[in-house]
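All of the numbers you see were taken from the coordinates with simple rules; none came from a lab. None of the values given here were measured: they were computed from a predicted structure. FYI the Cβ positions are ideal-geometry reconstructions off the backbone, even for glycines, and counts take in every protein chain you see.
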Amino acid sequence: MSPTARPHSPSRPVPTTDALLLQRIASGDPAAADALVSAHEQRVMRVCRAVLRDHHDAQDAAQETWMRVFRHIERFRGDDLGAWLCTIARNEAYRLAVRRSKAPTPVEELPPVRDADADPLSAAIAADIRQALMGAVMALEETYREVAIRDLAGESPAEIAQVLELTPGATRVRTHRARKRIQAHLEDRIAA
């Protein structure tokens, strides 16, 4: 490869095998749909797991991803199929995260009560802070949301850069901007 060549073009053509699978899927071939899932299911699961941090939730999001892909296969514009699938997977994972954050927590999943004399006000404040933080993160643009989720989960900048396929510099910039936007969102909430 020449020094001026770019290894990851933003608009790579669809590999021949994917293009053929998409044609077969469009003509109603169920074996082609199975082959497409087999070829890309690990990538889709990785994206869902990265956002949700829970294997079962990631499986649910991956299943929703594939349903959405096959319902809207005609919307694929012929660019990078992997990127298109990852975008759908990330969006489905975020949708599931939002739905789960709004749903009441089942009793069996509630944390155990440690002390009958524990300060209920402190617990309520901590819950309110977690909810406000989650709201601030979910309000971020997609570019910053995934970086923020990983940052809050305690991943190192190097880990974030590797998983999101970013340069270390881009990771630091996105992390900084995400933190500033979260801070502004929380300050606006406090001021209101």
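Please work out the C-alpha center-to-center distance from the stretch 26-75 to the stretch 144-180 and express it in whole Å.
That distance is 25 Å.
Determine, for Leu152, Leu166, the number of other Cβ atoms within 10 Å of each Cβ, and report the residues in order from fewest to most.
If I rank by nearby Cβ atoms, fewest first, I get Leu152, Leu166.
Work out from phi, with θ = phi - 60° and the Karplus expression 6.51 cos²θ - 1.76 cosθ + 1.60, the ³J(HN,Hα) of each residue of the stretch 40-57, listed in order in whole Hz, and give x for Gly and Pro.
In residue order, the calculated couplings are 10, 5, 5, 5, 4, 5, 4, 5, 5, 5, 5, 7, 8, 6, 9, 4, 5, 5 Hz.
In nm, to one decimal, how far is the Arg46 label point from the Ile129 one, both placed 7 Å along Cα→Cβ?
Result: 3.5 nm between the two label points.
By the scheme Lys and Arg +1, Asp and Glu -1, what is the net charge of all other residues having a beta-carbon under 9 Å from that of Ala148?
Its environment carries a net charge of +3.
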